[in-house]
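Student: First the structure, which I've put down as structure tokens, then a few questions once you've had a look.
Derivation of every value follows stated rules applied to the coordinates shown; laboratory data play no part. Since the structure is predicted, the reported quantities are computational estimates derived from the model, not experimental observations. With ideal geometry, Cβ positions are generated from the backbone for all residues, glycine too; neighbour counts draw on all protein chains shown.
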There are 2 protein chains.
Amino acid sequence: MARQLPAMSSAAPDPAPNLARLRGFIVRMADLVAHHRQERDILAGGSDLLADLVRHDDWLPERYARPHPDRYQQYLLHCDSRERFCVVSFVWGPGQATPVHDHRVWGLVGVLRGAEEAQGFARGPDGLIPVGPPQILGPGEVDAVSPRIGDIHRVANAVPDGTSISIHVYGANIGAVARSVLDDSGAAHPFISGYADCPLPNLWQPV
Amino acid sequence: MARQLPAMSSAAPDPAPNLARLRGFIVRMADLVAHHRQERDILAGGSDLLADLVRHDDWLPERYARPHPDRYQQYLLHCDSRERFCVVSFVWGPGQATPVHDHRVWGLVGVLRGAEEAQGFARGPDGLIPVGPPQILGPGEVDAVSPRIGDIHRVANAVPDGTSISIHVYGANIGAVARSVLDDSGAAHPFISGYADCPLPNLWQPV
Ligand SMILES: [Fe+3]
Ligand SMILES: [Fe+3]
Ligand SMILES: [Mg+2]
């Protein structure tokens, strides 16, 4: 456990973020999608890679960890040249949640900091039906979505008074994918999420 | 020709940069390196793609067009997930030039703005020997380097009193490649260029 510091002590400056960890994850994800066509294999291998990434909280630059007072933030960290996958930092302030939405492609969610509540849904004859109980994901835990395994969910910050951060990987340039937000009746409304208006980290400097 | 404006008129604000043009170039370069293994084919196809890119000067965000008073700048615009290629904006102030250097991988240079002078060299028994006369490249023109076709050169701003900008594409994450600067005797000195300390443009927003 970290030793508790007196409230007024000046904290040591943050060490430089370990961008090599994120870069290594991206290179391995790219190898994975280059060598596997089956979504099942990508989700299995990608879950292991993402769990390895979010098990450590020493690499995300502060710029990509900032909550917005009004809405959750989606900071693009990397997009593959052929838009075969992308990596996004989702930052949730207190009380923030997504609408119920779908993805249309495979996706992986790994919690880096705080905790998130994910609730899956299916479409029933009379509207949306929850699929199982809400899941609480803590640091290092990974969840998956896709049209094959269940593509509709709602994600919320599970920390009532703090920030939570999750790292998401999708099988496309997710911010530009035409998908849906679903209302209680199950009706779909067009949804293109975009990204926070923010440049991308330079992961590629020599180390 | 642009109509000359009175010196004190307020210019219209720049339109938003056409990032879709750069994104399209990157996707097509990625397809090229995915489908061709021969350097010859990559240089031929890549030269055409780069010429198409630098023929238009409507897409480079101002952040990546800024000269530095003391040295030429190398702004990374994109690095492929597997480091198979990268795209860099080189910005040259008046009088700025590279040292004589090599690359170790294929490279393409396309002039976007201004003009550049490129001088190739070979190693001779008594030091560096110029290969042919200096070449002046103007806007839209493309040059190539590689260990196969000639890898040693020096590049200088050919505009004495202004900024020149060229867009470079390399078959690696060039900023991290261990290569050489060569002195007049032909002796090689270790050279890892890195990049300007600057985040990357977000090319991937929905349009
Ligand atoms: Fe989601
Ligand atoms: Fe060069
Ligand atoms: Mg890429």
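Student: Scattering from the C-alpha atoms of the protein assembly as shown alone, worked out with Debye: what is log10 I(q)/I(0) at q = 0.12 1/Å?
Tutor: Result of the Debye calculation: -1.02.
Student: Related question: Inside 10 Å of the C-beta atoms of B:195-201, what's the mean count of C-beta atoms belonging to other chains?
Tutor: Across B:195-201, the average partner-chain Cβ count within 10 Å equals 4.
Student: Oh, and also: Arranged from highest to lowest average of other beta-carbon atoms within 10 Å per residue, in what order do the peptides B:142-150, B:75-83 appear?
Tutor: B:75-83, B:142-150
Student: Additional query: Which whole-Hz couplings ³J(HN,Hα) result when phi for each residue of the range B:45-53 is put into the Karplus expression 6.51 cos²θ - 1.76 cosθ + 1.60, θ = phi - 60°, listed in order with x for Gly and Pro?
Tutor: Per residue, the Karplus-derived 3J(HN,Hα) values read x, x, 4, 5, 5, 5, 4, 4, 5 Hz.
Student: Karplus couplings for the range B:65-72 from phi (6.51 cos²θ - 1.76 cosθ + 1.60, θ = phi - 60°), rounded to Hz, Gly and Pro as x?
Tutor: Residue by residue, the range B:65-72 yields 10, 8, x, 9, x, 9, 7, 5 Hz.
Student: Then there's this: Taking 8 Å as the Cα distance limit and 6 or more residues as the minimum spacing, I'd like the relative contact order of chain A as a percentage.
Tutor: Values: 429 pairs, mean separation 49.3, N = 207.
Answer for chain A is 24 percent.
Student: Under the classification rounded if a/c is under 1.5, otherwise prolate if a/b is larger than b/c and oblate if not, where does the range A:19-191 fall, given a ≥ b ≥ c as square roots of the Cα gyration tensor eigenvalues?
Tutor: Judged from the Cα gyration tensor, the range A:19-191 comes out oblate (a/c at least 1.5, b/c at or above a/b).
Student: By average Cβ neighbour count within 10 Å, what is the ranking of A:29-37, A:49-57, B:35-43, B:161-169 from highest down?
Tutor: Going from most to least packed, we get B:161-169, A:49-57, A:29-37, B:35-43.
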